[in-house]
1. What residues qualify as long-range amide H neighbours of residue 83, i.e. H under 5 Å apart, gap of 5 or more or another chain, H built at 1.01 Å from N?
2. Report relative contact order for the range 67-138 in percent, whole number only (criteria: Cα-Cα under 8 Å, sequence separation at least 6).
3. With +1 assigned to the C-beta of every Lys and Arg and -1 to the C-beta of every Asp and Glu, and no other charges, what is the dipole magnitude of the range 86-160 about the Cα centre in debye, to the nearest 20?
4. With unit charges on the beta carbons (Lys and Arg positive, Asp and Glu negative) and the dipole taken about the Cα centre of the chain, which residue among 10, 94, 81 sits farthest to the positive side?
5. Provide the per-residue ³J(HN,Hα) series for the range 128-138, in order, calculated from phi with Karplus coefficients 6.51, -1.76, 1.60 and θ = phi - 60°, each as a whole number of Hz, with x at glycine and proline positions.
6. Hey, what's the chain come to in accessible area per residue, 1.4 Å probe, Å²?
7. Residue 124's amide H: which non-local residues (gap 5+, or another chain) put their own amide H closer than 5 Å, with H modeled 1.01 Å from N in plane and none for Pro or chain starts?
8. Please find the FRET efficiency linking residue 14 to residue 153, where r is the Cβ-Cβ separation and R0 is fixed at 25 Å, and quote it to the nearest 0.05.
Amino acid sequence: LQAAAKLEIGDVVLEVLHPPPPEWERQKVRNDDSLVLHVLYDRVELLLTGDAGSEFERRHPAASRPAPLRVLKVAHHGSRTSSSAAFLSTFRPQVALVSAGRGNLFGHPAVDVMARLSEIGADVFRTDRDAAVTVETNGRSVTLRTMSGRTLELRTSRSF
(Lines give C-alpha, C1' and ligand atoms only; values in the text may rest on other atoms or scores of the structure.)
Protein backbone atom coordinates (compact mmCIF):
# COMPACT_ATOMS: atom_id res chain seq x y z
CA LEU A 1 0.00 0.00 0.00
CA GLN A 2 1.05 3.57 -0.66
CA ALA A 3 -0.17 7.08 0.12
CA ALA A 4 -3.64 7.92 -1.25
CA ALA A 5 -4.98 4.34 -1.06
CA LYS A 6 -8.41 4.51 0.53
CA LEU A 7 -11.07 2.11 1.77
CA GLU A 8 -14.57 3.01 2.94
CA ILE A 9 -16.70 0.56 4.87
CA GLY A 10 -19.97 2.15 5.93
CA ASP A 11 -19.10 5.21 8.00
CA VAL A 12 -15.46 4.19 8.46
CA VAL A 13 -12.83 5.70 6.17
CA LEU A 14 -9.36 4.14 6.19
CA GLU A 15 -6.71 6.05 4.29
CA VAL A 16 -3.03 5.35 3.72
CA LEU A 17 -1.02 8.52 4.40
CA HIS A 18 2.48 7.11 3.98
CA PRO A 19 4.70 6.01 2.31
CA PRO A 20 4.56 7.96 -0.93
CA PRO A 21 5.18 6.07 -4.18
CA PRO A 22 8.93 5.44 -4.37
CA GLU A 23 11.03 7.35 -6.84
CA TRP A 24 13.41 4.39 -6.94
CA GLU A 25 13.73 0.98 -5.32
CA ARG A 26 15.54 0.97 -1.98
CA GLN A 27 17.92 -1.84 -1.21
CA LYS A 28 17.04 -1.63 2.49
CA VAL A 29 13.73 -0.79 4.12
CA ARG A 30 13.91 2.16 6.52
CA ASN A 31 11.70 3.08 9.47
CA ASP A 32 10.56 6.12 7.47
CA ASP A 33 9.17 3.76 4.80
CA SER A 34 6.65 2.49 7.36
CA LEU A 35 2.96 2.30 6.58
CA VAL A 36 0.86 5.05 8.22
CA LEU A 37 -2.90 4.59 8.41
CA HIS A 38 -5.52 7.23 9.16
CA VAL A 39 -8.90 5.96 10.34
CA LEU A 40 -11.90 8.25 10.61
CA TYR A 41 -15.15 6.98 12.08
CA ASP A 42 -17.73 9.70 12.66
CA ARG A 43 -16.23 11.78 15.51
CA VAL A 44 -13.22 9.57 16.20
CA GLU A 45 -9.87 9.74 14.43
CA LEU A 46 -7.04 7.22 14.79
CA LEU A 47 -3.55 7.76 13.42
CA LEU A 48 -1.49 4.57 13.29
CA THR A 49 2.07 5.61 12.50
CA GLY A 50 4.08 2.40 12.54
CA ASP A 51 7.80 3.25 12.74
CA ALA A 52 7.54 6.43 10.63
CA GLY A 53 9.48 9.40 11.90
CA SER A 54 10.47 12.89 10.87
CA GLU A 55 10.11 12.30 7.11
CA PHE A 56 6.44 11.40 7.55
CA GLU A 57 5.82 14.16 10.07
CA ARG A 58 7.12 16.81 7.64
CA ARG A 59 4.75 15.56 4.90
CA HIS A 60 1.69 14.86 7.07
CA PRO A 61 -1.22 16.92 5.77
CA ALA A 62 -3.41 18.81 8.22
CA ALA A 63 -6.73 17.11 8.79
CA SER A 64 -9.43 18.57 6.57
CA ARG A 65 -12.07 17.82 9.19
CA PRO A 66 -10.45 17.27 12.55
CA ALA A 67 -12.37 14.90 14.75
CA PRO A 68 -13.00 15.87 18.36
CA LEU A 69 -11.57 12.54 19.61
CA ARG A 70 -8.08 11.71 18.41
CA VAL A 71 -5.96 8.68 19.22
CA LEU A 72 -2.32 8.47 18.15
CA LYS A 73 -0.26 5.31 18.01
CA VAL A 74 3.09 6.99 18.73
CA ALA A 75 5.62 6.31 16.00
CA HIS A 76 8.72 4.16 16.36
CA HIS A 77 8.09 3.11 19.97
CA GLY A 78 8.41 6.72 21.12
CA SER A 79 11.94 7.20 19.80
CA ARG A 80 13.51 10.66 19.57
CA THR A 81 13.07 10.60 15.78
CA SER A 82 9.29 10.78 16.11
CA SER A 83 6.53 12.83 17.72
CA SER A 84 8.07 16.26 17.25
CA ALA A 85 6.53 19.22 19.06
CA ALA A 86 5.27 20.62 15.74
CA PHE A 87 3.61 17.34 14.77
CA LEU A 88 1.96 16.86 18.16
CA SER A 89 0.70 20.43 18.32
CA THR A 90 -0.91 19.97 14.89
CA PHE A 91 -2.52 16.57 15.52
CA ARG A 92 -3.27 17.14 19.26
CA PRO A 93 -4.29 13.63 20.30
CA GLN A 94 -6.25 13.15 23.52
CA VAL A 95 -4.75 9.66 23.81
CA ALA A 96 -1.31 8.40 22.83
CA LEU A 97 -0.41 4.72 22.60
CA VAL A 98 3.24 3.73 22.96
CA SER A 99 4.26 0.21 22.02
CA ALA A 100 7.57 -0.55 23.73
CA GLY A 101 9.01 -3.57 25.45
CA ARG A 102 9.83 -3.32 29.14
CA GLY A 103 13.56 -2.69 29.66
CA ASN A 104 14.27 -2.51 25.90
CA LEU A 105 17.88 -1.82 24.85
CA PHE A 106 16.95 1.37 22.96
CA GLY A 107 15.48 3.20 25.96
CA HIS A 108 12.10 3.62 24.27
CA PRO A 109 10.06 5.66 24.83
CA ALA A 110 12.38 8.66 24.93
CA VAL A 111 11.99 10.98 27.91
CA ASP A 112 11.63 14.05 25.67
CA VAL A 113 8.83 12.42 23.65
CA MET A 114 6.98 11.58 26.86
CA ALA A 115 7.43 15.20 28.01
CA ARG A 116 5.97 16.51 24.73
CA LEU A 117 2.94 14.22 25.10
CA SER A 118 2.47 15.47 28.65
CA GLU A 119 2.72 19.10 27.49
CA ILE A 120 -0.23 18.67 25.11
CA GLY A 121 -2.26 16.90 27.79
CA ALA A 122 -2.48 13.48 26.11
CA ASP A 123 -3.39 10.45 28.22
CA VAL A 124 -0.54 8.02 27.54
CA PHE A 125 -0.89 4.26 27.49
CA ARG A 126 2.39 2.31 27.34
CA THR A 127 2.68 -1.41 26.69
CA ASP A 128 5.83 -1.57 28.85
CA ARG A 129 3.76 -0.42 31.84
CA ASP A 130 0.11 -1.13 30.99
CA ALA A 131 0.59 -4.36 29.00
CA ALA A 132 -1.70 -4.93 26.00
CA VAL A 133 -4.07 -2.05 25.17
CA THR A 134 -7.48 -2.48 23.53
CA VAL A 135 -9.18 0.46 21.79
CA GLU A 136 -12.92 0.30 21.06
CA THR A 137 -15.05 2.96 19.41
CA ASN A 138 -18.58 3.44 18.14
CA GLY A 139 -17.63 6.67 16.36
CA ARG A 140 -18.81 8.88 19.21
CA SER A 141 -16.79 7.55 22.13
CA VAL A 142 -13.52 5.73 22.67
CA THR A 143 -12.86 3.17 25.39
CA LEU A 144 -9.35 2.00 26.20
CA ARG A 145 -8.66 -1.04 28.39
CA THR A 146 -5.37 -2.58 29.36
CA MET A 147 -4.35 -6.02 30.55
CA SER A 148 -3.15 -4.35 33.77
CA GLY A 149 -6.71 -3.14 34.49
CA ARG A 150 -6.45 0.50 33.47
CA THR A 151 -9.53 1.94 31.70
CA LEU A 152 -10.31 5.28 30.06
CA GLU A 153 -13.50 6.35 28.31
CA LEU A 154 -13.77 9.51 26.22
CA ARG A 155 -17.01 10.87 24.74
CA THR A 156 -17.78 13.69 22.33
CA SER A 157 -20.32 16.39 22.99
CA ARG A 158 -23.58 16.24 21.04
CA SER A 159 -23.04 19.75 19.66
CA PHE A 160 -20.24 18.71 17.28
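The values are calculated or read from the model by the stated rules, or taken from the named source; none is laboratory data. This structure is a prediction, so every number in the text was calculated from the model and none was measured. Here the Cβ positions follow ideal geometry from the backbone for every residue, glycine too, while neighbour counts run over all protein chains shown. Heavy atoms of the whole protein, side chains included, go into the accessibility calculation; ligands, DNA and RNA do not. Shrake-Rupley method; radii C 1.70, N 1.55, O 1.52, S 1.80 Å.
1. Under 5 Å from the amide H of residue 83: 75.
2. It rounds to 34 percent for the range 67-138.
3. Details: 10 positive and 7 negative charges, 43 e Å.
Dipole of the range 86-160, to the nearest 20 debye: 200 debye.
4. My answer, from the dipole projection, is 94.
5. Per-residue couplings from phi come out as 6, 10, 9, 6, 4, 10, 10, 10, 10, 8, 10 Hz.
6. Numbers: 9230 Å² over 160 residues.
Solvent-accessible surface per residue comes out at 58 Å².
7. Counting only residues 5 or more places away or on other chains, the set is 96.
8. Numbers: r = 23 Å, r/R0 = 0.93.
E(calc), rounded to 0.05, equals 0.60.
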